[in-house]
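What follows is a set of notes on a single structure, which appears directly below.
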Amino acid sequence: MEEPVAILAVIVTVVLGVLAALGAVVGIVLWCIDRTRARAPFFTFIPTLALIGAAVGSWGLGFLVAWSGGPEFYGHAWWAWAFGVPVGGILGGLLGLWFARSFRKRI
């Protein structure tokens, strides 16, 4: 990976992590308020797991391509990383929706 691309990947990953932590904190605060307790699982799980899924999916696909293809595939690893952001985000969001619905039924 070229250096500017690596810096961009790290910055995007840090931003995803900070936003995931912020989403979890907002969801926990909403859980403590009686009026918003029914909506709190949706604010807690969906954005948090979507952002974590985007970070994990991007790095996972990037490393998988770089590891399986060898040094000549490092350029392709960047495209796998970029493709993993939306794919991991969608899968994480769907998992978050499933968690939110299951927690909503318990409340």
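Taken together, the values in this text are just the output of simple stated rules run on the coordinates, not laboratory data. On a predicted model such as this, the values are computed, not experimentally measured, just so you know. Glycine also receives a Cβ, built like all others from the backbone with ideal geometry; neighbour counts cover every protein chain displayed.
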Net length gained if the chain between Ala82 and Ile33 were fully extended (0.36 nm per residue, minus Cα distance):
13.8 nm
Output the relative contact order of the chain, whole-number percent, from Cα pairs under 8 angstrom with separation of 6+ residues.
31 percent
If the only charges are +1 at each Lys and Arg Cβ and -1 at each Asp and Glu Cβ, what is the size of the charge dipole of the chain around the Cα centre, to the nearest 20 debye?
960 debye
Go through segment 10-101 and name the trypsin sites (Lys or Arg not before Pro) that are in a DSSP coil and have 13 or fewer other Cβ atoms within 10 Å of their Cβ.
Arg37
How far, in nm, would the chain grow between Leu22 and Lys105 when pulled straight, counting 0.36 nm per residue and subtracting the alpha carbon separation?
27.4 nm
If I model segment 3-106 as equal point scatterers sitting on the Cα atoms and use the Debye formula, what is log10 I(q)/I(0) at q = 0.14 Å⁻¹?
-0.58
